[in-house]
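Shown next, in structure tokens, is the structure this report addresses.
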Amino acid sequence: MDLKLKNITHRYGTVEVLRDISLDIPQGQIVCLVGPSGCGKSTLLRFLGGLERPDSGEVLQIGQPPKDCLNPLTYVFQHFALLPWRTVEGNIKLVLEDHNLKRDEMEAIVADVLERTRLSDFRDALPKQLSGGMRQRVAISRALAVRPAVMLMDEPLSALDSQTRELLMDDLVSLWTRQPFTSVYVTHNLSEAVRLGHRVIVLSRRPGRVREIVDIDIPLAERHLGHAVLEEKQKQLWELMREEAMAADKELANV
Ligand SMILES: Nc1ncnc2c1ncn2[C@@H]1O[C@H](COP(=O)(O)OP(=O)(O)OP(=O)(O)O)[C@@H](O)[C@H]1O
């Protein structure tokens, strides 16, 4: 299933947050959204997930979600949103409980996502017994359990230290390489965007508009720290972001 945004414009009160955003999210790709603070990235994600409706424009789902999909759109947040009194397995089952699954079906899904996120040995652990990186792997595992058409990821690594973030990026790359998933991935971190994004959308300062779309053709599995082309792309993104930040600064100076 592809997602398509058509001419999305939105205001909160008198503040115009997003202006005329049109975007394609093709199946099997990771599309990163970057842009200055407050330019409307999380708002766009909420529209994509159907949590809110824009003032004007449309969010279209094109094609069918996967055959065995339980929930077409799922979120992964910065703060893992795990129930502390439930084990890893219990947290994953939480999203499966309302779907009338047979017991062995549910067990098979849990075993599959635990294996894919390398958490099988931690099935009975409580969140407090896990590191931040592992907690986020549980949250990703739980998102995958509903076999979503699209995972909406809002700064999923930004609460983690830089080493853990590197490890999680490797995990996401191997997860995607083994079984491609579709994701819209909001981040402030440009090295994350060039490491994970098939396409990076740069939004302008508020009201957010599509400033530039940067495609990155290098296969995810071949992207490594210090890759010359990726460093060049990151520099290109930073130039765009810097212009936006400077323009925002000037705007403030003229108030
Ligand atoms: N429910 C709301 N009511 C009123 N204003 C809101 C609401 N949600 C967001 N905003 C405002 O809309 C603008 C965009 O917010 P949003 O969180 O989408 O931006 P963002 O690009 O994700 O920001 P950041 O990078 O800082 O997380 C901000 O000015 C924010 O204060």
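The values are calculated or read from the model by the stated rules, or taken from the named source; none is laboratory data. From a predicted model like this one, the values you see are computed outputs, not experimental measurements. Cβ sites come from the backbone with ideal geometry, for glycine too, and all protein chains shown count toward neighbours. With ligands, DNA and RNA removed, areas are computed over all heavy atoms of the protein, side chains included. Shrake-Rupley method; radii C 1.70, N 1.55, O 1.52, S 1.80 Å.
Against the criterion of being over 30 Å from L230 (Cα atoms) and of a type in the set (G, A, S), A111 qualifies. Filtering M153, M169 for residues that are over 25 Å from G63 (Cα atoms) and either under 18 Å from the mean Cα position of the chain (by Cα) or in a loop (DSSP other than H, G, I, E, B) (or both) leaves a single hit, M169.
Within the stretch 179-192, residues that are acidic (D, E) have Cβ atoms under 7 Å from residues that are more than 16 Å from the ligand (Cβ to nearest atom) and open to solvent by less than 10 Å² (accessible area, probe 1.4 Å) in these pairs: E192/M169, counting only partners at least 6 apart in sequence or on another chain. Can you find a residue that is within 14 Å of the ligand (Cβ to nearest atom) and under 30 Å from M246 (Cα atoms) anywhere in the stretch 65-75? The answer is no, given that none of the residues of the stretch 65-75 is within 14 Å of the ligand (Cβ to nearest atom) and under 30 Å from M246 (Cα atoms). Please determine whether any residue of the stretch 192-205 is at pLDDT 95 or above, of a type in the set (K, R) and either assigned to a loop (DSSP other than H, G, I, E, B) or within 27 Å of G50 (Cβ to Cβ) (or both). Checked against the condition, which is being at pLDDT 95 or above, of a type in the set (K, R) and either assigned to a loop (DSSP other than H, G, I, E, B) or within 27 Å of G50 (Cβ to Cβ) (or both), the stretch 192-205 yields at least one hit. Filtering P26, P54 for residues that are more than 15 Å from the ligand (Cβ to nearest atom) and under 30 Å from E243 (Cα atoms) leaves a single hit, P26.
Of the numbered criteria (1) within 19 Å of P26 (Cβ to Cβ); (2) open to solvent by 10 Å² or more (accessible area, probe 1.4 Å); (3) hydrophobic (A, V, I, L, M, F, W, C); (4) part of a helix (DSSP H, G or I), the one I213 fails is (4). Residues of the stretch 216-239 that are under 20 Å from L175 (Cβ atoms), part of a loop (DSSP other than H, G, I, E, B) and open to solvent by less than 80 Å² (accessible area, probe 1.4 Å): I216, I218, P219, R223, H227.
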